[in-house]
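Notes to accompany the following structure.
Taken together, the values in this text are just the output of simple stated rules run on the coordinates, not laboratory data. None of these values were measured; they are calculated from a predicted model. Cβ placement follows ideal geometry from the backbone for every residue including glycine, while neighbour counts extend to all protein chains displayed.
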Amino acid sequence: MTPERLRALCLDLPAAAEDFPFGPETSVFRVAGKMFALSALDAQPLKANLKCDPDDAVRLRAEHPGVVVPGWHMNKRHWNTVTVGSLPERLVRELVEDSYDLVVAGLPRAERLRLGRP
């Protein structure tokens, strides 16, 4: 997956937005002001921090050692750092969508309804 494809994948989600609070080299993708993905899109290899259910996070780390690791500079229980190019694009898409869904699930009901995700 290319950096452009990762950016498009994140921004194609309902009400997703990109900003750069940590400097111009780090893209932060948010929904309703809450972060669901973080990536230095110009970095080699391409990596992304993605929110993850704690049980799934442990399982993914075991299934993909060295490729899915505890989130760098994030809460290690709830975030993984994923080496994007080392995984099938379908799995990366699922991980991004899961991260987005976890963040949306924590939003107030009215906001979830506005996003079409009750």
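Can you tell me how region 75-114 classifies by the Cα gyration tensor, rounded, prolate or oblate, using a/c under 1.5 as the rounded cut?
Here region 75-114 falls in the oblate category.
Let me know the shape class of region 3-114, please: from the alpha-carbon gyration tensor, a ≥ b ≥ c as square roots of the eigenvalues, rounded when a/c is under 1.5, otherwise prolate if a/b is greater than b/c, or oblate. Here region 3-114 falls in the oblate category.
I'd like the FRET efficiency for Ser86 and Arg117, computed as 1/(1 + (r/R0)^6) with the beta carbon distance as r and R0 of 35 Å, rounded to 0.05.
0.75
For region 30-116, state which trypsin sites (Lys or Arg not before Pro) are in a DSSP loop and have at most 10 other beta carbons lying within 10 Å of their beta carbon. For trypsin sites (Lys or Arg not before Pro) across region 30-116 that sit outside H, G, I, E and B with at most 10 neighbouring Cβ atoms in 10 Å, the list is empty.
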